[in-house]
Amino acid sequence: IDVEEVKPPFVPEYEQVKEGVKTAYKSAKGRELAIVEAQAVIDVAAAMPLGGGVSRLAPAAKKHGFEAKETQPKSRAEANGSEPFEGPELVEAAFGLSDAEPLSKSPAETGQTIYVYELSSRTLPDEGEWAKKRPELIKSEMQRGGQALAQSLLANLKRHATIVDNTKAERAAVDP
């Protein structure tokens, strides 16, 4: 091993380290405070009486100096990946709400963003359309299941099959 160059040890300036520590602390503390504030908004909204179709989240958020935003109605498939449903955890938090519990119990977070969800309305698929497609879907799923069963049985038979090479005996029987 040859030493090509010797450099003096580097000790960063106090101000550089101080600024880095301050920035990291502010980021971590800011996230904690945001979660605490979001939980306070949830607690205030949960204490309000449940009204028919009236948002409890908007006035609670306003009390704490935040703005509540309403999204356009979306299906679970449409929502995945769009704001404020940027991850599977957020989609599950939002679409896990029901008419009995329209307000999320805890804030949901992604990166540096904290979300609180409230269900304003829910639209179920049209029953007539489902009733028309149901027999066809049942038939196709039964066929798919039958094919999977047949393939499984065939694979199992092949796995337990005994292969015997009778070519020499057959040749001897044909050629006297």
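The values are calculated or read from the model by the stated rules, or taken from the named source; none is laboratory data. Since the model is a prediction, treat every value here as computed from it, not as a measurement. Cβ coordinates were reconstructed from backbone atoms using ideal geometry, including for glycine residues, and neighbour counts include every protein chain displayed. In case anyone asks, the SASA skips ligands and DNA or RNA and just uses the protein heavy atoms, side chains included. Shrake-Rupley method; radii C 1.70, N 1.55, O 1.52, S 1.80 Å.
Rundown of residues vs (1) in contact with a Pro (Cβ under 7 Å, 6 or more places away or on another chain); (2) more than 30 Å from Leu97 (Cβ to Cβ); (3) without any contact (Cβ under 8 Å) to a residue 12 or more places away in the chain; (4) not in a helix (DSSP H, G or I), yes/no style:
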| position | (1), (2), (3), (4) |
| --- | --- |
| Leu124 | no, no, yes, yes |
| Pro135 | no, yes, yes, no |
| Glu141 | no, no, yes, no |
| Gly145 | no, yes, yes, no |
| Gln151 | no, yes, yes, no |
| Leu154 | no, yes, yes, no |
| Arg159 | no, yes, yes, no |
| Thr162 | no, yes, yes, yes |
| Ala173 | no, yes, yes, no |
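Looking at Ala155, Ala100, can you tell me which residue is out of contact with any helix residue (DSSP H, G or I) (no Cβ under 8 Å at 6 or more places or on another chain), over 30 Å from Ala58 (Cβ atoms) and open to solvent by less than 90 Å² (accessible area, probe 1.4 Å)?
Within the list Ala155, Ala100, the selection yields Ala155.
Residue-wise test of (1) surrounded by 12 or more Cβ atoms within 10 Å (Cβ to Cβ); (2) modelled with pLDDT under 85; (3) more than 19 Å from Lys105 (Cα to Cα); (4) touching a strand residue (DSSP E or B) at 6+ places or on another chain (Cβ under 7 Å).
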{"residue": "Gly51", "(1), (2), (3), (4)": "no, yes, no, no"}
{"residue": "Ser55", "(1), (2), (3), (4)": "yes, yes, no, yes"}
{"residue": "Phe66", "(1), (2), (3), (4)": "yes, no, no, no"}
{"residue": "Val91", "(1), (2), (3), (4)": "yes, yes, no, no"}
{"residue": "Ala94", "(1), (2), (3), (4)": "yes, yes, no, no"}
